[in-house]
1. Please label the shape of the stretch 80-175 as rounded, prolate or oblate, based on the square roots a ≥ b ≥ c of the eigenvalues of the alpha-carbon gyration tensor (a/c under 1.5 means rounded; beyond that, a/b larger than b/c means prolate, else oblate).
2. Tell me the label only: which of [x] 19.0, 69; [y] 15.9, 46; [z] 16.4, 51 is Rg and Dmax of the Cα atoms in Å as calculated from this structure?
3. Using the Cα gyration tensor of the stretch 31-131, with a ≥ b ≥ c the square roots of its eigenvalues, what is the shape: rounded (a/c below 1.5), prolate (a/b larger than b/c) or oblate (neither)?
4. Counting Lys and Arg as +1 and Asp and Glu as -1, what is the net charge of the other residues whose Cβ lies under 14 Å from the Cβ of VAL181?
5. What relative contact order, as a whole-number percentage, does the stretch 86-209 give when Cα pairs under 8 Å and 6 or more residues apart are counted?
6. Is the stretch 105-153 rounded, prolate or oblate when judged by the Cα gyration tensor, a ≥ b ≥ c being the square roots of its eigenvalues, rounded requiring a/c under 1.5 and prolate requiring a/b larger than b/c?
7. By the scheme Lys and Arg +1, Asp and Glu -1, what is the net charge of all other residues having a beta-carbon under 13 Å from that of LYS204?
8. Filter LYS46/LYS83; LYS46/LYS155; LYS8/LYS175; LYS136/LYS189; LYS43/LYS136; LYS8/LYS182 down to the pairs with a C-alpha to C-alpha distance above 28 Å, please.
Amino acid sequence: MEHLDRKKHWENIYQTKDLKDVSWYQPTPTTSLDFLKQFNIPKTAKIIDIGGGDSFLVDHLLDLGYTDLTVLDISVASLDRAKQRLGDRATKVKWIVADAATFKPTEQYDFWHDRAAFHFLTQEQEITSYIDTIQKSIKPTGVLVIGTFSEQGPKKCSGIEIKQYSETTMTDRLKKFFEKVKCITVDHKTPFDTIQNFIFCSFKKLATA
């Protein structure tokens, strides 16, 4: 799927579906918050949420006192929904409209979070480019957390083919620049009472990267 089509697809979804009518709806992103606690990420850390859309992660991070937050999504509509929900607090967040596959950050981050954006990158060039971007845009002591559908999870999301990962394939994909810290599998219950199996892995940058 080409870049323009992908953007149009997601804009349409966010313009036509309510928050609770999408499979990724998650009032409390427990897994993501647990990784922040595990690494004891300081409140002043630069945190970016890739494909964050109108996810509630940013609300929880603000509640916890984090002060340097960026949310990126390909859909303007999704970010507008998040801003509307946050009200005045939206001014405390940097909002970036971009495709993760072609995003070129202008700053470096302490914590790079990606729940279910990476698995939409199915072309080799996009995957390589994205990993290279992460490598360049995470500080030497930074942490990377990626969550994707596992090999027991769905093969499509919102009508788009995705790329499933296992602990092995995720680690192999990132081993050029990153060392795996921990991987877990998580069952996400959708608003439609279906179960989606995710693999979440955390990584630290290799000293040689």
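All of the numbers you see were taken from the coordinates with simple rules; none came from a lab. Computed from a predicted model, the values in this text were never measured in an experiment. Virtual Cβ from ideal backbone geometry, glycine too; neighbours counted across all protein chains shown.
1. Numbers: a/c = 1.94, a/b = 1.30, b/c = 1.49.
Here the stretch 80-175 falls in the oblate category.
2. This structure yields the entry labelled [y].
3. On the way: a/c = 1.83, a/b = 1.29, b/c = 1.42.
Oblate is the answer for the stretch 31-131, as a/c is 1.5 or above yet b/c matches or exceeds a/b.
4. Working: positive: LYS37, LYS175, LYS180, LYS182, LYS204, LYS205; negative: ASP34, GLU167, GLU179.
So the surrounding residues net to +3.
5. 25
6. Numbers: a/c = 2.81, a/b = 1.51, b/c = 1.86.
Oblate is the answer for the stretch 105-153, as a/c is 1.5 or above yet b/c matches or exceeds a/b.
7. Numbers: positive: LYS139, LYS175, LYS180, LYS182, LYS205; negative: ASP110, GLU179.
Its environment carries a net charge of +3.
8. Over 28 Å apart, Cα to Cα: LYS46/LYS155; LYS8/LYS175; LYS136/LYS189; LYS8/LYS182.
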